[in-house]
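Each reported figure results from applying straightforward, stated rules to the coordinates on display, with no laboratory input. Note that the structure is predicted; figures quoted are calculated from it, not measured. Heads up, the Cβs are rebuilt from the backbone with ideal geometry, glycines too, and the neighbour counts pull from every protein chain shown.
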Protein chains: 2
Amino acid sequence: MNIDAAKAALAHLDIDDNPPSVKAKSRDFFWYSPVLKDRLDGVCADFVVMPRSQDEVIEVLRICHAHDVPVTVRGAGTGNYGQAMPLKGGCILHMQNMNKIHEIAPGRIVVEPGLVIRDLDRQTRAHSGQELRMTPSTAATATIGGFICGGSGGVGSVRWGVLRDYGNIIRIRVVTAEAEPRVLDFTGEDLARVSHAYGTNGIVTEIELPLAPAYDWVHVFVTHPDFAKASRLAHQISLQDGIAMKLDTVCEAPIAARYFQRFKDHVSETDSVIALMIAPQSMDGFLTFLGHDPEAKLIYRSDANDWPRDPGPAYEYGWNHTTLRALKVEPEITYLQVRYAGEGFLDKIDAIRAHFGDELIQHIEFLKENGVMTAAGLTLVRFTTEERLNEIVQIHEDMGCMIFNPHRYTLEEGGRQIVDDRQLNFKREADPKGILNPGKMIAWEDPNWDFKTMYAYPGLRRA
Amino acid sequence: MNIDAAKAALAHLDIDDNPPSVKAKSRDFFWYSPVLKDRLDGVCADFVVMPRSQDEVIEVLRICHAHDVPVTVRGAGTGNYGQAMPLKGGCILHMQNMNKIHEIAPGRIVVEPGLVIRDLDRQTRAHSGQELRMTPSTAATATIGGFICGGSGGVGSVRWGVLRDYGNIIRIRVVTAEAEPRVLDFTGEDLARVSHAYGTNGIVTEIELPLAPAYDWVHVFVTHPDFAKASRLAHQISLQDGIAMKLDTVCEAPIAARYFQRFKDHVSETDSVIALMIAPQSMDGFLTFLGHDPEAKLIYRSDANDWPRDPGPAYEYGWNHTTLRALKVEPEITYLQVRYAGEGFLDKIDAIRAHFGDELIQHIEFLKENGVMTAAGLTLVRFTTEERLNEIVQIHEDMGCMIFNPHRYTLEEGGRQIVDDRQLNFKREADPKGILNPGKMIAWEDPNWDFKTMYAYPGLRRA
């Protein structure tokens, strides 16, 4: 690793080597996890480079390859799995300057990875009343490239499923980290080689995505005195195909009363809250359906309400924003990501609640999986020890609820704990020296790892 | 019934009493059914009036109420259940002159009932790239009012469900048939009182409907040598939420080879055919998924093909257009409408096929029902006798497959064979003399009817 030689060769680019700023750009939202905080705090790159074009990306990769310098790509750093953290130091490839839209067409956009998602949606809305099918709850700051490389689904998944589903990504262009970098386009089955790969096997420089109509979504909050009933009501609402919606979230009491500052005068400690985004033309149908449950009470709709302080968009109370709001109030709170699917999946949540009592607070998101409505749990956990956290994970799995563990920093452990040979094989080809985001793909580092314990990257460098 | 007095009082309106033309306007596509052909051939109104405005509708209803003249409303007459046939004679209220669009907004249209659906979609597409969520396969000639009052779902139902689902109709305005007709707006749960009521309890003068994005749909035909596998493949395709689609039809062999004229050089007698409409931005995802089945062969895509004679839109090979094409070639063919739902619904179709052999040819359409993908069968039947047809219906029901019987002309028998009290109660209020489309609502005519045999309206008048 010859940092100085690489920096010198890249001096004509937009480089940042001011230590506080490099440190800040070496971090993401890994600190949601006390386990990752313990492991990754202090991880820091040597310098940051902010390419303005694909040609500059190629130049960075050629130089870093020549000098054996690790390259960790990042967008806005809103990921929670340490996806964008440079475990071995080296170069941070910050994509903020690559933020141009190349084309907007009916149902389709071609864009550079560094564009902030909210800005993307603003431009497609102004152009032709369109927006992305799905976005993270952090759309206001996250980049589209970060979402494609480090995310999986989110706001919109209640209708469109997740990013890996057929049709939700059209094309990804990547640059390889070889002596002479190549530019390659991936479509069809090959998308799986480079999407959600944390930048471990190529640097994304262009993305083609489908668009959906951008309605003036009505943000809605509904209270319910009973979480089990609220989750069933929200499930039934999600099944109404005639109601155009983008979000269907259920937060168990007392999440809203304790952690949603602007809700204090509108909810009690025993109110669970359903947060939704409904298209204006579907509000009548939605309200009619909601009327079936006399215990459900609409407390807010963004198009007509008398709240003195507006709570902001519903999606900033869903997905991981719920966790963020909770841990701002109670710093010992962390979370899990759970998959509830199959026959009686809501009963599984009831069983989990009965088992854990107050140690967990339920937060679920409805989303489609192969045409079937399922739920993702972004369960709030009152953290005590790492051992207990691992135990909680194990109990979920024993009860038939798969965990995507957000207290792990590798691709495999944050996913289904299986090696993705498609990603591994492409890394062999595209990153022969293993300089891309080192430490994140266990299959590359230690092919025999058995996943029984947390992987600890031997090359980890902390300040 | 004083026809002459009513005609005289309405003489200043657009009236047609030329016998051949009145006869033509007294018919719909009831002749798809040999049973209805036998019962309804010769049914004829006394005159036709074509109102140009809601005020004229009110005038017609006031006069016909005063003179006890039956009023049967119709659009283009593309229904197959005799919905628009004036069983007792009297006045045909032909809505072709009420074809104005009152408003187009993002996701929403307000329109008069007489507008032809293709013209509606052309205007919304030109205005803002929008179109109706669902249309009948007869969109080129059918009116939107006829679809709302006499239809249930169709092209688009694979994504949006059916008309009666929450959110698929926003508002319906009707005029009552009282001494002094009233104008009433229906929304929410009340929509069920007047939608799909065949004009038996009010005349629709304005409809508010949701709109969806109008993509340049790619019309696709795929052959498969095995119907059972083709139906499962088409089902799996329908479950891909990331693939924007509007139609997913499977026609068993030899439908395409025998009945689809322009397919002759492209299919064999043993090819089943899947017909689809896929959004351009979803074609890559679709083709990738299709590639999983090596037996499936794409033979046509509307955006790139070398067929010397274009087959036209895929939707004109789906829903009841399939029946139409078949009976043009083999006049003894008729059809059934079957609901396949619940666990293993495709296995039920296999069982039906095994039971009936060549007497039936399967044609299924995938559609959503409360968030779950199901199938509608528009099964082709080689008709022999009415007795055998009834037997076939009974066997389907014994095998757990509900029939919406298209060989019946009443609301109840063409539906779930239950009295809809909401429609009946509103008829009591809105049509006290029972002049609206008499003979179509059994609950009004004979509240004790037991549905064991076909209802025969005692007031039926044939030429």
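Here are a few things to note about the model shown:
- Hz values of 3J(HN,Hα) by residue in the stretch A:406-414 - Karplus curve (6.51, -1.76, 1.60), Gly and Pro given as x: x, 10, 9, 10, 9, 3, 5, 6, x
- Potential lengthening of the chain between A:Arg122 and A:His355 amounts to 79.4 nm, from the contour at 0.36 nm per residue minus the alpha-carbon distance.
- Looking at the protein assembly as shown alone, DSSP beta bridges between its own residues are antiparallel in about 90 percent of cases.
- Taking a ≥ b ≥ c as the square roots of the eigenvalues of the Cα gyration tensor, an a/c ratio of 1.5 or more together with a/b no larger than b/c marks the stretch B:218-382 as oblate.
- Virtual paramagnetic centre 7 Å along Cα→Cβ of B:Thr453, amide N under 20 Å, in the stretch B:1-42: B:34-41
- The Cβ shell under 10 Å around B:Gly146 holds other residues with a net charge of 0, Lys and Arg each +1, Asp and Glu each -1.
- Couplings 3J(HN,Hα) for the stretch B:153-163, derived from phi with the Karplus relation 6.51 cos²θ - 1.76 cosθ + 1.60 (θ = phi - 60°), are x, x, 5, x, 5, 5, 10, 9, x, 10, 4 Hz, where x marks Gly and Pro.
- Of all aspartates and glutamates in the structure, those lying under 14 Å Cα to Cα from A:Lys100, and not within fewer than 8 positions of it along the same chain, are A:Glu112, A:Asp119, A:Asp121, A:Glu206, A:Glu208.
- Where only DSSP H runs of four or more residues are counted, chain B gives -8000 deg cm²/dmol as its mean residue ellipticity at 222 nm, each run worth -39500 (n - 2.57).
- Cα gyration tensor category, rounded, prolate or oblate, for the protein assembly as shown with a/c compared to 1.5: prolate
- Modelled label positions at B:Glu180 and B:Glu445, each set 7 Å beyond Cα in the direction of Cβ, lie 3.3 nm from each other.
- Between the alpha-carbon centres of the stretch A:277-355 and the stretch A:138-191 there is a gap of 27 Å.
- Modelled this way, with points 7 Å down the Cα-to-C-beta line, the labels at B:Leu287 and B:Arg52 are 5.2 nm from one another.
- FRET efficiency, A:Lys297 to B:Asp265 (Cβ-Cβ, R0 60 Å, nearest 0.05): 0.40
- Cα-based shape type of the stretch A:1-115, given that a ≥ b ≥ c are square roots of the gyration tensor eigenvalues and the cut on a/c is 1.5: oblate
- Among the residues of A:282-293, the average count of other protein chain beta-carbon atoms within 10 Å of the residue beta-carbon is 4.
- Annotation: amide H of B:Glu206 within the under-5 Å range of B:Arg173, sequence separation 5 or more or interchain, hydrogens built in the peptide plane.
- Taking 16 Å as the straight-line reach from the Cα of B:Lys297, the lysines in range (excluding those fewer than 8 positions away in the same chain) are B:Lys229, B:Lys264.
- Relative exposure of B:Arg122, B:Arg52, judged by other C-beta atoms within 10 Å (fewest first): B:Arg122, B:Arg52
- Residues A:Cys401, B:Cys44, A:Cys91, arranged from fewest to most other Cβ atoms within 10 angstrom of their Cβ, appear as B:Cys44, A:Cys401, A:Cys91.
- With respect to the axis relating copies A and B by rotation, the chain A residue whose beta carbon is closest, plus that distance in Å, is A:Pro213, 3.
- Residue order, fewest to most surrounding Cβ atoms within 10 angstrom, among B:Ser128, B:Ser21: B:Ser21, B:Ser128
- Partners for A:Lys452 among aspartates and glutamates (Cα-Cα distance below 16 Å; same-chain residues under 8 apart left out): A:Glu386, A:Glu387, A:Glu391, A:Glu397, A:Asp398, A:Glu412, A:Glu413
- Placing a label point 7 Å from Cα along the Cα-to-Cβ axis, A:Lys264 is separated from the same position in the other copies by 8.0 nm, shortest listed first.
- Per-residue Karplus couplings for the stretch B:265-276, computed as 6.51 cos²θ - 1.76 cosθ + 1.60 with θ equal to phi - 60°, are listed in order as 7, 10, 9, 9, 4, 9, 8, 7, 10, 9, 10, 9 Hz, Gly and Pro entered as x.
- Cut-off under 5 Å, modelled amide H: who pairs with A:Val71 long-range: A:Cys91, A:Leu436, A:Asn437
- Efficiency of FRET between A:Arg462 and A:Glu429 - r from beta-carbon atoms, R0 30 angstrom, step 0.05: 0.45
- Pairs from A:Lys246/B:Lys368; A:Lys25/A:Lys440; B:Lys37/B:Lys368 whose Cα-Cα separation, in the structure shown, is over 21 Å: B:Lys37/B:Lys368
- Once C-alpha pairs closer than 8 Å and six or more residues apart are averaged by separation and normalised to the residue number of the stretch B:218-382, the relative contact order reads 28 percent.
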